[in-house]
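S.K.: Have a look at the structure that comes next, please.
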């Protein structure tokens with residue numbers, strides 16, 4: 001099953017796992033504690049994140065360590081860049097309107 005980056009991050013548990021990995025490589029046990037669900041659930045979500053390219057896995061004996069990969073985030077940022085200009089322009093107009101109102 002191939003899912004795109006947005007589908008991979010649509011699930012709140014997967015976003016919690018990504019947040020747990022934001023500061024660096026972590027063993028599964030740490031991720032389980034951070035995510036607040038059973039290991040079987042974390043393993044399923046980690047598999048999806050791994051298949052979609054968001055995480056890498058490094059085995060070390062019986063332990064598995066997971067880390068974020070930057071490439072999918074760069075791809076998402078590139079896609080969002082086209083829309084960022086829309087929001088920037090709107091936020092600039094909003095800031096100008098607030099400033100005008102403040103002066104009155």
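Rule-based calculations on the coordinates, nothing more; no lab input. The model shown is predicted, which means the values in this text are computed figures rather than measured ones. Cβ: placed from backbone, ideal geometry, glycine included. Neighbour counts: every protein chain shown.
S.K.: With contacts defined as alpha carbon pairs under 8 Å and 6 or more residues apart, what's the relative contact order of the chain in percent?
M.R.: Values: 88 pairs, mean separation 24.9, N = 104.
With pairs under 8 Å counted, the relative contact order is 24 percent.
S.K.: For helix 12-21, report the angle its Cα long axis makes with the longest principal axis of the Cα atoms of the chain; keep it between 0 and 90° and round to the nearest 10°.
M.R.: Value to nearest ten degrees: 80.
S.K.: For the range 32-95, compute the orientation-averaged projected area of the C-alpha convex hull (one quarter of its surface), in nm². The partial results should precede the final answer.
M.R.: Details: hull surface 26.3 nm².
Value for the range 32-95: 6.6 nm².
S.K.: Work out the P(r) tail for the range 1-69: percent of alpha carbon pairs separated by more than 15 Å, whole number.
M.R.: Working: 1057 of 2346 pairs.
Result: 45 percent of Cα pairs exceed 15 Å.
S.K.: Given the DSSP H assignment, sum -39500 (n - 2.57) over each helix run of at least 4 residues in the chain and divide by its residue total; what's the result at 222 nm in deg cm²/dmol, nearest 500?
M.R.: Working: 5 runs with 70 residues, N = 104.
When only DSSP H runs of four or more count, the value is -21500 deg cm²/dmol.
S.K.: Ranking request for peptides 87-94, 45-52: highest mean number of other beta-carbon atoms within 10 Å first, then the rest in descending order.
M.R.: On the way: 87-94: 10.0, 45-52: 18.5.
Packing order, densest peptide first, comes out as 45-52, 87-94.
S.K.: Relative to the longest principal axis of the chain, what angle (0 to 90°, nearest 10) does the C-alpha long axis of helix 39-51 take?
M.R.: 70 degrees
S.K.: Obtain the nm distance between the two label points defined at residue 90 and residue 37 by a simple spin-label model: each point lies 7 Å from its Cα along the Cα-to-C-beta direction.
M.R.: For the pair residue 90/residue 37, the computed spacing is 3.1 nm.
S.K.: By how many nm would the segment from residue 11 to residue 30 lengthen if fully extended, with 0.36 nm per residue of separation less the alpha-carbon distance?
M.R.: Numbers: separation 19, 0.36 × 19 = 6.84 nm, distance 1.93 nm.
Contour length minus Cα-Cα distance gives 4.9 nm.
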